[in-house]
Amino acid sequence: GASALFPQQSWRVVPLEALLSIAGVALITYAVLQLTTAKIAYKGMLMIAIPLILLLTFVGLIVRVRQQSETARAWTLHSTEVLSVSQSLLLQIAETEDAVRGFALTYDESFVDSYRESMGLLTLASIRLRGLVADSPGQETRAASIEQLIVARTRRFDEVFRLIRAGHPRPEQYGFAGAGGA
């Protein structure tokens with residue numbers, strides 16, 4: 001029973017658990033010895049008090065387990081949301097690159113609008129990811145490096161647009177796979 005009070009096992013907790021267990025056994029032994037000479041009214045009161053104390057202890061343990069379960073569920077939902085936003089980020093990067101490739105190959109201005117829309121969504125997803133991982137320094141560092149990679153990639157996309165508009169129409173120089181033979 002004492003080990004239920006200490007969910008994290010370590011060598012510092014073991015002596016405390018042993019001490020509590022010994023104290024519990026000593027208390028029960030003392031109570032049994034006192035019951036042999038106690039009046040019937042005290043015996044009746046103990047017969048009611050002991051189960052009541054055990055019931056309250058059990059209810060306390062149930063409440064604690066429930067709180068731990070709710071905390072674990074909250075972290076699971078948080079992790080799922082972080083993964084979802086990360087996937088959204090990858091999708092937005094792909095859509096942004098598709099718009100750049102489409103413009104590089106066709107010079108169709110509708111791809112510029114698609115590019116701007118994708119850039120806006122990419123920025124929002126990046127900000128949301130940063131907000132979600134703000135509680136974890138390690139994840140926050142990784143999110144910052146992802147954001148730096150996104151900024152570098154979008155600078156390259158902006159450079160492609162600038163080069164095309166400046167009259168450099170060779171898509172193979174932009175490093176797009178499959179664009180050289182078009």
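Table for the structure above
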| read-out | value |
| --- | --- |
| Matching option when the condition is open to solvent by less than 50 Å² (accessible area, probe 1.4 Å), part of a helix (DSSP H, G or I) and at pLDDT 85 or above, among Gln87, Gln92, Gln68 | Gln92 |
| Matching residues, region 111-128, being within 28 Å of the chain's Cα centre (by Cα) and either over 17 Å from Glu95 (Cα atoms) or not small (Gly, Ala, Ser) (or both) | Met119, Leu121, Leu122, Thr123, Leu124, Ile127, Arg128 |
| Residue check for Thr57: modelled with pLDDT of 90 or more, of a type in the set (Ser, Thr, Tyr) and either assigned to a helix (DSSP H, G or I) or surrounded by 10 or more Cβ atoms within 10 Å (Cβ to Cβ) (or both) | no |
| Residue match in region 120-128 (condition: among the basic types (Lys, Arg) and either at pLDDT below 90 or closer than 17 Å to Val160 by Cβ (or both)) | no |
| Tally, over region 129-168, of residues that are open to solvent by less than 30 Å² (accessible area, probe 1.4 Å) and within 18 Å of the chain's Cα centre (by Cα) | 5 |
| Near pairs, Cβ below 9 angstrom, 6+ apart or cross-chain, from region 75-96 (closer than 17 Å to Arg156 by Cα) to any residue that is open to solvent by 40 Å² or more (accessible area, probe 1.4 Å) and polar (S, T, N, Q) | Gln92/Thr123; Glu95/Ser114; Thr96/Ser114 |
| Residue count for region 35-54, restricted to those that are in a helix (DSSP H, G or I), open to solvent by less than 100 Å² (accessible area, probe 1.4 Å) and hydrophobic (A, V, I, L, M, F, W, C) | 6 |
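The values are calculated or read from the model by the stated rules, or taken from the named source; none is laboratory data. Small disclaimer: the values here were computed from a predicted structure and weren't measured. Positions of Cβ are generated from backbone atoms using ideal geometry, with glycine treated the same way; all protein chains shown enter the neighbour counts. Note: areas computed on protein heavy atoms with side chains; ligands, DNA, RNA excluded. Shrake-Rupley method; radii C 1.70, N 1.55, O 1.52, S 1.80 Å.
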